Amino acid sequence: MSNNLLKGKRGIIFGALNKESIAWKVAEQCHEQGAEFVLTNAPIAMRMGEINELAEKTGSKIIPADATSMEDLENLFKGAVEELGGPLDFVLHSIGMSVNVRKGKHYTELNYDWLEKGWDVSAVSFHKVMQTAWNLDAMNEWGSILALTYMAAQRTFPDYNDMADNKAYLESIARSFGYHWGVKKKVRVNTISQSPTMTTAGSGVKGFDGFIAYAEKMSPLGNATADECASYCVMMFSDLTKKVTMQNLFHDGGFSNVGVSDMVMDEFMK
Ligand code: NAI
């Protein structure tokens, strides 16, 4: 169903890798709501080719960019403004990767070269994206910039490993840069803290199935799906949320405020 909530809005969507990706669902829903946007991902992810299908479906151009490369980002933002015919109204940062998680390194034995790589990709890239847009004056007034995060930034989930620290850093960047964007251009910057979701990045976390089942039983409304996350992103890009900024917004069916649920207790009372 479309209410044209994003009619006339232009944006960039990072991170659609395949149909499971949260960014994929965001792109579909932004298109349904009348937005025009450029899709981007790391050149290496492009090789898998699935993003072409999304580009066709949403009538979007793809501009590859490694989100850790200032050169790539400059090329992307310049290209997007040119392609879309003016400055942008929204940006989605939907990027995450930890080499330590991928290679199964325990948190107490981290490889620091890998840590730096994951931190750059998962957290610092958000600063790089915003600094590029800032330098090129590529955002319209009342624009909206979003990144996706996870609650391991606030509470410990042992297998989330160094991604927990990356997410804490990412959320801090949203607050710090959000201040400057607000003052300069009335642009809002927020993070959405999403339920565990079965995607390529998600399923890289050890024991992810159990993690999802536990969160489902802990959340009064159940886990939020990728599609539901996309709807929240659409709302955050729309003019209905113009004064929401510098926030970490939980989209988790209530999980973050539950101590214990009856369903989880039942497992221990058997
Ligand atoms: P995904 O694997 O579909 O998306 C991750 C994306 O990051 C991929 O498209 C990948 O190509 C991109 N990426 C990696 N390195 C990059 C680089 N150097 N430059 C540009 N892009 C790069 O997985 P998902 O789950 O859709 O992840 C999107 C975001 O949502 C991530 O920030 C993730 O941490 C976050 N999130 C995911 C949750 C989950 O359970 N799946 C829960 C909460 C947050």
Interchain or sequence-distant (5+) residues whose placed amide H lies within less than 5 Å of the amide H of R188 are G143, S144, I145
Which of G85, G259, G207 fluctuates most in a GNM of the chain (C-alpha springs under 10 Å)? That residue is G259
Using 0.36 nm times the number of residues separating Y179 and R47, minus their current alpha carbon distance, what extension gain do you get? 43.8 nm
Residues Y112, Y169, Y160 arranged by fewest to most Cβ contacts within 10 Å: Y112, Y169, Y160
Assigning unit charges at the beta carbon (Lys, Arg +1; Asp, Glu -1) and nothing else, what dipole magnitude in debye, to the nearest 20, does the chain show about its Cα centre? 520 debye
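Taking a ≥ b ≥ c as the square roots of the Cα gyration tensor eigenvalues, with a/c under 1.5 meaning rounded and otherwise prolate when a/b beats b/c, else oblate, which class fits the stretch 116-218?
It is prolate, given that a/c is not under 1.5 and a/b is the larger ratio.
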By counting other Cβ atoms within 10 Å of each Cβ, how are Y150, Y214 ranked from fewest to most? Y214, Y150
Here the Cα Rg-to-2.2 N^0.38 Å ratio for the stretch 10-268 is 0.97
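Please give the calculated 222 nm ellipticity per residue for the chain, where each DSSP H segment of at least 4 residues contributes -39500 (n - 2.57) and the sum is spread over every residue; nearest 500 deg cm²/dmol?
Numbers: 12 runs with 119 residues, N = 270.
When only DSSP H runs of four or more count, the value is -13000 deg cm²/dmol.
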Please tell me the relative contact order of the stretch 35-130 in percent, rounded to the nearest whole number, where contacts are Cα pairs under 8 Å and at least six residues apart. 26 percent
Just how far, in whole angstrom, is the stretch 1-76 from the stretch 247-261 if you go by their alpha carbon centroids? 28 Å
Rel. contact order, % - alpha carbon contacts under 8 angstrom, at least six apart, the chain: 19 percent
Calculated FRET efficiency, K61 and V264, Cβ-Cβ r, R0 45 Å, to nearest 0.05? 0.45
Calculate the spin-label point distance for M235 paired with E83, positioning each point 7 Å from the Cα along the beta-carbon direction, and give it in nanometres. 2.9 nm
For I212, I51, I13, which order do you get if you count the other beta carbons within 10 Å of each Cβ and list the fewest first? I212, I51, I13
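Coordinate-derived values only; no laboratory data. Since we're looking at a predicted model, the values are computed, not measured. Here the Cβ is made from the backbone with ideal geometry for all residues, glycine too, and neighbour counts use every protein chain on show.
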